[in-house]
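Contents: one structure, followed by commentary.
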Amino acid sequence: IVYQYLSTYRPGWENEAPDDVKSSYIALTAWTRNRIPDAEADTMLERCQKAAERLQSCTGWRMEYTLREFAPHPPDLLWFAYPVHEMDASGTLKDFRADGEKATVKEAREARRAKAEEQKQEQKDRYDQAFANANMGEPPTAQQMADYLGVSANTVRRQLEKYHYKLDKSTSLVCKTK
């Protein structure tokens, strides 16, 4: 409703309004109130309140069906406001999952990948912190890093290269590789 009023009374408003105003209903309403006539602003606010009240009593529905001998049909997305079902013209419902619906395989894979990246970064940060603090600012030995990290010296030696460190054979000190 706010977008309709702005398009009517302030053509080209999309170029004037900052992005943070466009993403918030409250900010957009306040920004609009200062740019259209007071009578129109009051009418706009009344219509917005009525629409909000109507939305409080609406529920979203997805209707899926399959006919045995035909190709699958995409689901229909509907709003239900007693006593009428209406098609979702705005496309709002397409981003929601039904109650109890699990994430798709792709979403689950992306979530696992993101979690693995996060864990890898946390582990790298731990090694960086151990390198910096295990010997009070001086290059530590693998055993000193192991003591700091709470793991065995063999574990530290195996993982040094993964986190861009190497073990200097002549001095037995851990050094950064880059």
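Throughout, read-outs are computed from the coordinates displayed, never taken from laboratory work. All values reported here derive from a predicted model rather than from experimental measurement. Reconstructed Cβ throughout: ideal geometry from the backbone, glycine too, with neighbour counts over all protein chains shown.
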Item to check | Order of Val105, Val151 - criterion: other Cβ atoms within 10 Å of each residue's Cβ, fewest first | outcome: Val105, Val151
Next on the checklist: If I stretch the segment between Lys106 and Thr43 completely, what's the gain in nm (0.36 nm per residue apart, minus their alpha carbon distance), one decimal?
Outcome noted: 18.1 nm
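Which links in Lys124/Lys169; Lys50/Lys94; Lys50/Lys106; Lys115/Lys169; Lys22/Lys120; Lys22/Lys50 stretch past 31 Å when you go from one Cα to the other?
Long pairs (Cα-Cα over 31 Å): Lys50/Lys106; Lys115/Lys169; Lys22/Lys120.
Which of the three applies to segment 1-144, rounded, prolate or oblate, going by the alpha-carbon gyration tensor with a ≥ b ≥ c and a/c under 1.5 meaning rounded? It would help to have the intermediate numbers written out before the result.
On the way: a/c = 3.73, a/b = 1.54, b/c = 2.42.
In terms of gyration-tensor shape, oblate.
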Checklist entry - In degrees from 0 to 90, rounded to the nearest 10, what is the angle of the helix 38-56 Cα long axis to the longest principal axis of the chain? => result 70 degrees
Item to check | Amide hydrogen neighbours beyond the local backbone of Leu173, cut-off 5 Å, H modeled | outcome: Asp168
Checklist entry - Residue-wise, which Karplus ³J(HN,Hα) couplings in Hz belong to segment 125-136, taking 6.51 cos²θ - 1.76 cosθ + 1.60, θ = phi - 60°, and x for glycine or proline? => result 4, 4, 5, 4, 5, 5, 4, 6, 10, 5, 10, 6
Checklist entry - Using r as the Cβ-Cβ distance of Arg97 and Tyr25, and R0 as 30 Å, what FRET efficiency do you calculate, to the nearest 0.05? => result 0.80
Item to check | segment 1-61 - charge dipole about Cα centre, Lys and Arg +1 at Cβ, Asp and Glu -1, debye rounded to 20 | outcome: 160 debye
Item to check | Debye, to nearest 20: dipole size of segment 16-138, +1 on Lys, Arg Cβ, -1 on Asp, Glu Cβ | outcome: 420 debye
Item to check | Computed label-point distance, nm, for sites Thr59 and Lys115 using a 7 Å Cα→Cβ extension | outcome: 3.2 nm
Checklist entry - Tell me, Tyr3, Tyr82, Tyr9 in order of fewest to most beta-carbon neighbours within 10 Å? => result Tyr82, Tyr3, Tyr9
Checklist entry - Going toward the positive end of the dipole of the chain, with +1 on Lys and Arg Cβ and -1 on Asp and Glu Cβ, which of Thr59, Ala81, Tyr9 do you reach last? => result Thr59
